[in-house]
1. Filter the range A:286-317 down to the residues that are of a type in the set (Val, Ile, Thr) and under 11 Å from A:Gly369 (Cβ atoms), then identify the one that is surrounded by the fewest Cβ atoms within 10 Å (Cβ to Cβ).
2. Quick check: anything in the range A:276-284 of a type in the set (A, V, I, L, M) and within 30 Å of A:Val148 (Cα to Cα)?
3. In this structure, does A:Thr244 turn out to be among the polar types (S, T, N, Q) and either more than 14 Å from chain B (Cβ to nearest Cβ) or surrounded by 24 or more Cβ atoms within 10 Å (Cβ to Cβ) (or both)?
4. Would you point out the residue of the range B:124-145, among those that are more than 9 Å from chain A (Cβ to nearest Cβ) and under 17 Å from the mean Cα position of the chain (by Cα), that is nearest to A:Phe308 (Cα to Cα)?
5. Considering (1) surrounded by fewer than 24 Cβ atoms within 10 Å (Cβ to Cβ); (2) closer than 20 Å to A:Asn225 by Cα; (3) within 22 Å of the chain's Cα centre (by Cα), say which one A:Pro124 fails and leave the rest.
6. Among the residues of the range A:227-241, is there at least one that is out of contact with any helix residue (DSSP H, G or I) (no Cβ under 7 Å at 6 or more places or on another chain) and within 12 Å of chain B (Cβ to nearest Cβ)?
7. Going through A:Pro75, A:Pro136 one at a time, which residue ends up being touching a residue at least 40 places away in the same chain (Cβ under 8 Å), within 12 Å of another protein chain (Cβ to nearest Cβ) and over 28 Å from A:Ser186 (Cβ atoms)?
Amino acid sequence: MSHRYRWIVLLGLCALAGCGGGGGSSSSLGSASSSGSSSSSSSSSSSSGASGSNVVALVVGPGPAAANGGTFNIPYTSVTLCNPGTTTCAVIANVLVDSGSYGLRIMASALQASGLALPNTVDPNNASNSIAECLPFADGYTWGPVTVADVRMNGELASSLSVNIIDDGSYYAATVPTSCTSINSSTSLNSVSAFEANGVLGVGVFDQDCGDSCAECGSVNSPCNSSSDIYYSCNTTTNSCAFTPVSLTAQVRNPVALFASDNNGVILELPGVPTTGQTGASGSLIFGIATQSNNGLGSATVLTADDFGNFITTFNGQTLDSSFIDSGSNGLFFADSSIPTCTSTTQNPMANQFYCPSSPLSLQATNQGQNGTTSTVQFEITSLSSLSDTFYASPTIGGPAAPSSTLGSYFDFGLPFFYGKNVYVAIDGKTAGGTAGPYYAYIAN
Amino acid sequence: MKPSYFRPAPALCALGLIGTAWLSAPAAAHLGGDADSVAVDSTMMRAQLRSTPMQSYQLHEITTASGTQVHEYATPQGTVFALTWQGPLPPNLRQLFGSYYARYQSAAATQTRPGMHRALIIAEPDLVVQSTGHLRAFHGRAYIPNLVPAGVTVADLP
C-alpha cells in the first residue's frame, strides 16, 4: 500500500529530529509579500487563480520538508508576521489553511527558524505572568504561549492579532499543565509532523477560538476550568499555570475578522482534480465575501450553520446533525459499514482509518442548512491503496467516521470536497452577501 | 420515564465536597465506577446533575455552565457502563474515564496523524471510545462492551 512509506518515514523523523521544522525567512516589510510559499506545484498540478490584493495562493502539495511528505490533501499558504507596529517581519510558509478552526497558530520551531521573535502576551491581571493556551482536538491537544503580531497576507492586515505559538521544542518555559493533558486524549500534537505544517491558519466560521465561556468564566457558579476555559496565566519562573479568563478581543482570533475590510469570511478556490489524483493543486484563498469584484457569492448554495458551526447531512438514511466542511481534514469522513476499510498492518496501523472499496463507488449525500436550504452532493470513493506515493491531491479518499449516535453524528467534508469548487466560509456575527454568518456556501468552479 | 430529581452543584459545594472529594477519591472509577463516582464527576466540573431511572439503566445528565453535556449510563446496580458528551469544549476525560484512562491513552497514542484531527476512534474488546468534532463543537462516546446491560443498544442511548 502506497502510503505506508510516508508514515514510516514520518515517525522515524519524529524520533530522530524531535519533529522540528524549518519555517520561513526574516524580511523587512518591503518584501513582505507571500513569496515564501515553497510548496511547489509540478507539471501535472492544475491551477486556478484569482487575482487582487485580497488573494493569496492556496497550494496542495508535500508541505514542509520536516514532515517529509507524510500524508496528502493538505492545503497551504504563506503568512507574514511582524512585531506589532514595526517593519520587523518574517514569512512563514507551509501554513495549513483550516476551515475547521479559528485563529493563527505557528510552530515555535518555524518562528525560531525565521529569526523573528515575538513577545509573549502579559497577563493583564498579573504583570509577572504570560498567557498560554491549551487547544483541544478530538485526538489530542496543543500547548504554547499567546503572542501578539501584525499579520499580513498580500494586501490584508490584522493589526495586533493574538497568535498562538505551538511549543514544539521547549521554547516556552511553562510546561503543559495536567489539566491540559486531561482533556480528550493526552496525546501532544506539538509538532510540525502532527499537522504536516509550520502552522495552522484557522479561517472557519467563528471569530474567536473559544468565545464567551473563556471570557466570562471566573465566577463562583462558572469557575475557569477545563470545562469552560482553554487559557492559562503562567509564571515562567515557577513553571506554574492556572486557568484565567481572556476577553473576546484578546483571545486567539480568526485573522480575517480583524481586517479593515474583506473581514466577513473567506473563499477557498481549488481546481478540479482527476479521480486518480495528481501531484498537487494550486488555487486561491480569497478574503471577504461579496466585498469586491472578485469574491461575489453568485449563485452558490448557502447553508447556514448552527451555534457549533455545523449543519445537517443526510446520508444512507442517517441524519447527521453535526456535519461540517473542513479543509483541515484530508479525506471525506463518514460512517458506512458497507464499505471495507483498508487493512492495518504493523507498518501502517492507520490504514483502517480509510476506505478501500474493491471498485470505485459513486455516492451522494444531501446537506441542509439551518435556513432550510438543501443541496445534494455527489462524490466518489476509491481505494487509498490505488493512490500513488507521489500524488498529494486526491478527490476520492474517504474514511469511516464514528458510528451514528444520538449525540453528534457527522459527515466531515474534508479537502476532497473542495476540488473543483469555490467554498465560502462566512464568520459568525458578520453579514456576507446578504446572509448572516455563520454559514458555508459552495459552487462548482 | 419516571420523574427525575434536579440537584444543583452549589448544594454539593455547601457540603464541602469540592476539592476533598477529588483529592481523596480520584481512583473511584467513573467509567466502570459506581453512582457515587457520578456525583464526584459532577462536582469536579462544577456542573448540574440530573438523574433519571430508565427501564434498563440509570441516566445521569451533567451539564456545565459553559454548555458541555455529559451523560453517564449506569447499570441497575449502579455501575457506569457508558458515557456520551457534547459541547463547545471536551470534558475532562481523565476524570470521566477513571481507571480506564490509562488504557485509553495507550490506545490513543498511536492514532494521531496529520489531516485526521477530527476523530479518534478506538475499538478494543474491553473499551470503545469515539472522540470526534472540531474546535467549539466536540462530541463523543465511550463504553465498556461487557458491562452493557442485556437489551440495551449503545447507539440508541439518549
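1. The first filter runs over the range A:286-317 and keeps only residues of a type in the set (Val, Ile, Thr), leaving A:286, A:289, A:291, A:301-302, A:304, A:312-314.
Pick out the ones that are also under 11 Å from A:Gly369 (Cβ atoms) and you get A:301-302, A:304, A:312-313.
On the way: A:Thr301: 16, A:Val302: 21, A:Thr304: 20, A:Ile312: 20, A:Thr313: 25.
Applying the filter and picking the extreme gives A:Thr301.
2. Looking only at the range A:276-284, we keep the residues that are of a type in the set (A, V, I, L, M), and these are A:281.
Within this subset, residues satisfying the condition of being within 30 Å of A:Val148 (Cα to Cα) are none.
Within the range A:276-284, not a single residue is of a type in the set (A, V, I, L, M) and within 30 Å of A:Val148 (Cα to Cα).
3. Details: among the polar types (S, T, N, Q): yes; either more than 14 Å from chain B (Cβ to nearest Cβ) or surrounded by 24 or more Cβ atoms within 10 Å (Cβ to Cβ) (or both): yes.
Spelling it out, A:Thr244 is indeed among the polar types (S, T, N, Q) and either more than 14 Å from chain B (Cβ to nearest Cβ) or surrounded by 24 or more Cβ atoms within 10 Å (Cβ to Cβ) (or both).
4. In the first step, residues of the range B:124-145 are kept if they are more than 9 Å from chain A (Cβ to nearest Cβ); the result is B:124-128, B:142-145.
In the following step, the residues that additionally are under 17 Å from the mean Cα position of the chain (by Cα) were identified as B:126-128, B:142-145.
Working: B:Asp126: 32, B:Leu127: 28, B:Val128: 25, B:Ala142: 21, B:Tyr143: 25, B:Ile144: 29, B:Pro145: 30 Å.
Among residues in the range B:124-145 that are more than 9 Å from chain A (Cβ to nearest Cβ) and under 17 Å from the mean Cα position of the chain (by Cα), the one nearest to A:Phe308 (Cα to Cα) is B:Ala142.
5. Exception for A:Pro124: condition (3).
6. The initial filter retains those residues of the range A:227-241 that are out of contact with any helix residue (DSSP H, G or I) (no Cβ under 7 Å at 6 or more places or on another chain), namely A:227, A:232-241.
After this cut, where a residue has to be within 12 Å of chain B (Cβ to nearest Cβ) as well, the list is A:227.
Checked against the condition, which is being out of contact with any helix residue (DSSP H, G or I) (no Cβ under 7 Å at 6 or more places or on another chain) and within 12 Å of chain B (Cβ to nearest Cβ), the range A:227-241 yields at least one hit.
7. Working: A:Pro136 fails: over 28 Å from A:Ser186 (Cβ atoms).
Step by step, each of A:Pro75, A:Pro136 is checked, and only A:Pro75 is touching a residue at least 40 places away in the same chain (Cβ under 8 Å), within 12 Å of another protein chain (Cβ to nearest Cβ) and over 28 Å from A:Ser186 (Cβ atoms).
Every residue, every condition in (1) within 14 Å of another protein chain (Cβ to nearest Cβ); (2) closer than 16 Å to B:Pro158 by Cβ; (3) surrounded by 23 or more Cβ atoms within 10 Å (Cβ to Cβ), yes or no:
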| position | (1), (2), (3) |
| --- | --- |
| B:Ser51 | no, yes, no |
| B:Ser56 | no, yes, no |
| B:Ile62 | yes, yes, yes |
| B:Val70 | yes, yes, yes |
| B:Thr79 | no, no, no |
| B:Leu83 | yes, yes, yes |
| B:Pro90 | yes, no, yes |
| B:Leu93 | yes, no, yes |
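Computed from the coordinates by the stated procedures, all read-outs in this text should not be read as laboratory data. What you see is a predicted model, and the numbers here were worked out from it, not measured in a lab. Glycine gets a Cβ as well: all are built from the backbone with ideal geometry, and neighbour counts include every protein chain shown.
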